[in-house]
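First comes the structure, then the notes that go with it.
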Amino acid sequence: IHSSYRTILNTGRISSSKPNLQNIKRGSEYRSCFTARDDKHTLIVADYSQQELRYAAAMSNEETMIRVYTEGDGDMHSDTASIIHNRPITKDNPKERHIGKTTNFLVMYGGGEHKLAKQFNIPLPKAKKIIDSFWNTRTSLKSFFTKSQTNSKINGYITIDNITNRISHIPDYDEFVKLHNFVTIWKARGWAHDIPKSVWSRYYSLKGKIDRDSQNYPK
């Protein structure tokens, strides 16, 4: 079996398919299926634990997250779960930890309370409380994301990283700028209630995608 690897054009990350060797379930019943072809070869598993969260902590200089990796047990999912439940959560509490893990990745990729409420089938106010508790202890990360989103909407592209200066141009950016200027002018004149629903819908759709991608793309 030979997996196919390709570069994701927008972000420069690598994806795998047929089969997706980057997402093989844990457990010997799954991973024992993969072996080296003979005694002269070795199959290596190289999985960097919580890589996205480590990147986010470093890029945003979020001290509360950095301390988890440098001084704590290195389990950000348990740490977030502890914040959400307001009591210590460890890997011995898988149900509560799962909520922390889901919240971490949902927030990293631009999700909010509506998506979290749907994910766990919980009331929207409860989902909002979970998201708020996350941001209240991750203020530097919040500022980093907000700055990235603002810069993207100004520049028309998303900065992937500041080392290679890789960028990703925003599709439909010209349309977004026209809608943004239109909405801004009408709101300033007190005509916000007269803006057609179709305009609001398209504007917030484009704005939401830019904001989500601005969180997702950097690495």
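Test of understanding: what is the full-extension gain from V177 to Y48, defined as 0.36 nm times their sequence separation minus their Cα-Cα distance? Could you put the intermediate results ahead of the total?
Numbers: separation 129, 0.36 × 129 = 46.44 nm, distance 3.91 nm.
Full-extension gain reported as 42.5 nm.
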Query raised in the report: Where the centroid of each part is defined by its Cα atoms, how far is the range 53-102 from the range 158-197 in Å?
Result: 34
Report summary line: Per the Kirkwood formula over distinct C-alpha pairs, the hydrodynamic radius of the range 55-168 in angstrom is 15.1
Report task. Would you mind checking which residues have amide H under 5 Å from I158's amide H? H placed 1.01 Å from N; only 5 or more apart, or other chain. Result -> S168, H169, I170
Query - Nearby lysines by direct alpha-carbon distance to K95 (threshold 25 angstrom, same-chain neighbours under 8 apart not counted) - result: K25, K115, K118, K126, K128, K129
Report summary line: Residue separation between S143 and T184 times 0.36 nm, minus their alpha-carbon distance, gives in nm 12.4 nm
Report task. Springs between alpha-carbon atoms under 10 Å, Gaussian network over the chain: tell me which of I89, I185, I154 tops the mean-square fluctuations. Result -> I185
**Report entry** the chain: relative contact order in percent, alpha carbon pairs under 8 Å with at least 6 residues between
**Finding:** 17
Report task. Compute log10 of I(q)/I(0) for the chain with the Debye formula, placing one identical point scatterer on every Cα and leaving out solvent, at q = 0.12 Å⁻¹, to two decimals. Result -> -0.84
**Report entry** Projected label distance in nm at N61 and H85, using a 7 Å step from Cα toward the beta-carbon
**Finding:** 3.4
**Report entry** In order through the range 59-70: 3J(HN,Hα) via Karplus (6.51 cos²θ - 1.76 cosθ + 1.60), integer Hz, x for Gly, Pro
**Finding:** 5, 8, 6, 7, 5, 5, 7, 4, 5, 4, 8, 9
Query raised in the report: For the range 102-114, what does the Karplus curve 6.51 cos²θ - 1.76 cosθ + 1.60, with θ = phi - 60°, yield as ³J(HN,Hα) per residue in whole Hz, taken in order and with x for Gly and Pro?
Result: 4, 5, 4, 6, 4, 5, 4, 9, x, x, x, 5, 5
Report summary line: Among K118, K128, K209, the residue with the largest mean-square fluctuation in a Gaussian network model of the chain built from Cα contacts under 10 Å is K118
Query raised in the report: Using alpha carbon centroids, what distance separates the range 1-17 and the range 127-157, in Å?
Result: 28
**Report entry** From phi via Karplus (6.51, -1.76, 1.60), per-residue ³J(HN,Hα) for the range 206-219 in Hz, x at Gly/Pro
**Finding:** 5, 4, x, 5, 4, 4, 5, 5, 5, 8, 7, 6, x, 8
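Just so you know, all these numbers are worked out from the coordinates, no wet-lab data involved. Remember, it's a predicted structure, so these values are computed and weren't measured experimentally. Cβ coordinates were reconstructed from backbone atoms using ideal geometry, including for glycine residues, and neighbour counts include every protein chain displayed.
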